[in-house]
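S.K.: Before we start, here is the structure in question, set down as structure tokens.
Just so it is clear, none of the values below were taken in a lab; they were calculated from the coordinates. The structure displayed is predicted, hence computed values, not measured ones.
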Amino acid sequence: MVHLLPRDRDRDPDAPAPPLVGFIVARTVGNAVVRNTTRRRLRHLVRPHLDRLPAGSLLVVRANPPAGTARPDDLAADLESALDRLLRPASKGRR
């Protein structure tokens, strides 16, 4: 699950702020080793997509319990699909 939030730039509106990414990996994903491994895998998978995010935005990636046992290519496909849905322009007929 991913959420994107644009940030207000009160301090210096002319300076381009990089996007920030946070990860939520709960205990339901697994023990500490599994959670840290999942967080590292997600961080590695998000890195190439940072240029797609709006400047100054906040992205939160929440790992669901199956993420702890997911194969790397499945995790990458799920993340890419979620980012594509999130960054797709909204159609005029949908709200």
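S.K.: Mind checking the full-extension length gain between His3 and Ile24? Use 0.36 nm per residue of separation minus the Cα-Cα distance, one decimal, nm.
M.R.: 6.4 nm
S.K.: If I stretch the segment between Ser57 and Val34 completely, what's the gain in nm (0.36 nm per residue apart, minus their alpha carbon distance), one decimal?
M.R.: Details: separation 23, 0.36 × 23 = 8.28 nm, distance 2.81 nm.
Working it through step by step, the gained length comes to 5.5 nm.
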